[in-house]
1. Tell me, yes or no, whether the range A:195-209 has at least one residue that is within 30 Å of A:R120 (Cα to Cα) and in the same structural domain as A:G100 (by TED's automatic domain parsing).
2. For the subset of the range A:19-71 comprising residues that are of a type in the set (V, I, T) and either near ligand 1 (Cβ under 9 Å from one of its atoms) or within 14 Å of another protein chain (Cβ to nearest Cβ) (or both), which member is surrounded by the fewest Cβ atoms within 10 Å (Cβ to Cβ)?
3. I'd like the full set of residues that are away from ligand 2 (no atom under 16 Å from the Cβ), of a type in the set (A, V, I, L, M, F, W, C) and within 11 Å of another protein chain (Cβ to nearest Cβ), limited to the range A:75-103.
4. Going by the structure shown, is A:T224 surrounded by 21 or more Cβ atoms within 10 Å (Cβ to Cβ), at pLDDT 85 or above, away from ligand 2 (no atom under 16 Å from the Cβ) and not hydrophobic (A, V, I, L, M, F, W, C)?
5. Which residue is modelled with the highest pLDDT, if the candidates are limited to the range A:182-208 and must be away from ligand 2 (no atom under 13 Å from the Cβ) and among the hydroxyl-bearing types (S, T, Y)?
6. Take the conditions within 14 Å of chain A (Cβ to nearest Cβ), modelled with pLDDT of 90 or more and surrounded by 15 or more Cβ atoms within 10 Å (Cβ to Cβ) and apply them to B:A31. Does it pass?
7. Quick one: in the range B:2-13, which of the residues that are at the interface with chain A (Cβ under 7 Å from one of its Cβ atoms) and not in a helix (DSSP H, G or I) is surrounded by the most Cβ atoms within 10 Å (Cβ to Cβ)?
8. Sort through A:V237, A:V184, A:V248, A:V194 and tell me the only one that's in a helix (DSSP H, G or I) and either within 16 Å of ligand 1 (Cβ to nearest atom) or buried (at least 17 other Cβ atoms within 10 Å of the Cβ) (or both).
Amino acid sequence: MSDSLAVEAQGLVKHFTSRKSVTKAVDGIDLSIAEGSVFGLLGPNGAGKTTVVRMLATLLRPDAGTARVLGHDVVRDADAVRSAVGLTGQYASVDEDLTGTENLLMLARLYGFAPAAARRRTQGLLEAFDLADAGARQVKTYSGGMRRRIDLAASLVLAPRVLFLDEPTTGLDPRSRNQVWDIVRVLVEDGATVLLTTQYLDEADQLADRIAVIDHGRSIAEGTASELKRSVGEGAVHLRVAEVADRVKAAEITERLLGAEVTLGSDPHALSARVPDEGTDAVAGLLPALADAGIAVPEFSLGQPSLDEVFLALTGQPLPDDEPAGGTSSAPGQRETSEAPR
Amino acid sequence: MTTTLRDAVALAERPARPSPLSTTLTFGWRALLKIKHVPEQLFDVLVTPVIFTLMFTYLFGGALAGSTQAYIQFLLPGILVQTILFVTIYTGYTLNTDISKGVFDRFRSLPIWRPSPVVGALLGDTVRYTVAAVITITLGLILGFRPDGGLGGVLLGVLLLLVFAFALSWTFIILGLLVRSPNAVMGVSMIVLMPLTFASNVFVDPETMPSGLRAFVSVNPVSHLVTAVRGLMAGSPDATEIVWVLIASVVLTAVLGPIAMRIYRSKS
Ligand SMILES: Nc1ncnc2c1ncn2[C@@H]1O[C@H](COP(=O)(O)OP(=O)(O)OP(=O)(O)O)[C@@H](O)[C@H]1O
Ligand SMILES: [Mg+2]
């Protein structure tokens, strides 16, 4: 990896003022993203992820701070930035009334391809994204996964050196999610730089070389995935009790045995606890102890900390309950993607 | 998938930046594609003039002008103006739809001449105007409209009308940029256009109106436009009114165009 930076931002600020209140959507964010790397921006709903991406993609003007993409200032040199970056927004930004082919053809023409070259480019992208058969259909008839793919294809028409992906896999099934991940990996192998936002720690973990956790418009931690997890404790134990009523007692026993604080998940059956470095032996005794107390534990796993736990550790607050951030207290790796073929 | 993907994305040669003309034409092409895929959007354009022409000619023609034949000579140019003015609302409506759906975000993240999406959309609107004009005039001819200005007079009348319509479009582009939803654009535009077209000389000669209303009608820009178009189609062009319309078009464009583009640029 070269040390030149694809994206660098200092003190980015964006406040939205409505009649009564000021939302500090982004409140002083610094970023340094090395060329050829994947950078993950991790945070819950409303953290400011989309706002950061829109400022970097020249769609929003920062209130304060500066940002450069491949050395071009996003405000003063906006057109140079636009020629170098591709953006896949959080919500599909293709024209639903047009067909997949027409959408790509239009973009290719807008990027300056001559008619014949535009057609070749469109055909190649449709095939690569497994959309050749659907090319003649209006995008409004596409499934969620197909929409994501046409949207991604649309951002790759000009083979951008820097790609911004705003929650590229939210709402996708495991298979489609893996397809998107594979696409990102191929692009990065070929030298692109990717900034992706996500609410899933395991997605950031799978793809990103470095991760910044943001909340309320501020960066609260930055590092590699393992650094972030280490800050929370190496491992965690996750369990689900059969009876909701048993959870409190199970939590007491776990706390006593491991000597660690227990997190109750938003699933009323679930609880989890960090395993302290010296407490690995105690974990072995946990299941028998629970059985002795007459508590049935149908699910038990040892794993890495979840986003919930990372968040709790970093902010002292759990994620809001309505988070789709992957079944609050289950271990990230075991959720649903692990069985998919690689 | 990996190899095809790699080949598909790799780009041997980056194309040169396209000219403003080329990107504008591409957006015009998009507008045509949208008409092709969503032909319902032409429905209003087709039905409204037909209903208005039939209703006014047969319901009121006898009472207002003595005979339907006499009335349609007077009415048709007015209906044409009314129809085209209402079609301009679609400019704001479609723009607002694009913005609320996020397509505009992609356009705004492209390295292109910034006004081209808007100007291209205006080009595409020409198709709607033409369809509306052809339908209205054809129906008129069937009902007995016999313009003394001949084909040349009718074409010049339509041309003048289109010039004014493009200038007026900027109003609706501004509305489309400012208002929250596509339906709100429709609503607000109707409130503006309804009084302008009805309190004008489209349907009746203002001579019979009470003096307060008559004063409004005589300053109403729509009245000037209708008189100018009528004159051209009737073979007796009224130079003052034509110049008035042309000046109004230039002023509208010169003032509203830059304002619209300013709002468009700063939109977040
Ligand atoms: N155009 C806007 N006007 C007013 N407030 C806004 C605007 N855009 C974003 N916000 C506010 O800024 C904050 C950050 O929003 P942002 O969309 O960046 O969050 P996010 O991290 O992308 O969230 P999500 O995961 O839900 O997509 C939110 O409180 C949001 O309501
Ligand atoms: Mg977002």
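The values are calculated or read from the model by the stated rules, or taken from the named source; none is laboratory data. These figures come from a predicted structure and were not determined experimentally. Please note: Cβ atoms are built from the backbone with ideal geometry, for glycine as well, and neighbour counts cover all protein chains shown.
1. Within the range A:195-209, one or more residues are within 30 Å of A:R120 (Cα to Cα) and in the same structural domain as A:G100 (by TED's automatic domain parsing).
2. A:T23
3. Residues satisfying the conditions are A:A78, A:A80, A:V81, A:A84, A:V85, A:V94, A:L98.
4. Criteria not met by A:T224.
5. Among residues in the range A:182-208 that are away from ligand 2 (no atom under 13 Å from the Cβ) and among the hydroxyl-bearing types (S, T, Y), the one modelled with the highest pLDDT is A:T193.
6. Judged against the criteria, B:A31 is a match.
7. Step by step, filter the range B:2-13, then rank; the result is B:L11.
8. Within the list A:V237, A:V184, A:V248, A:V194, the selection yields A:V184.
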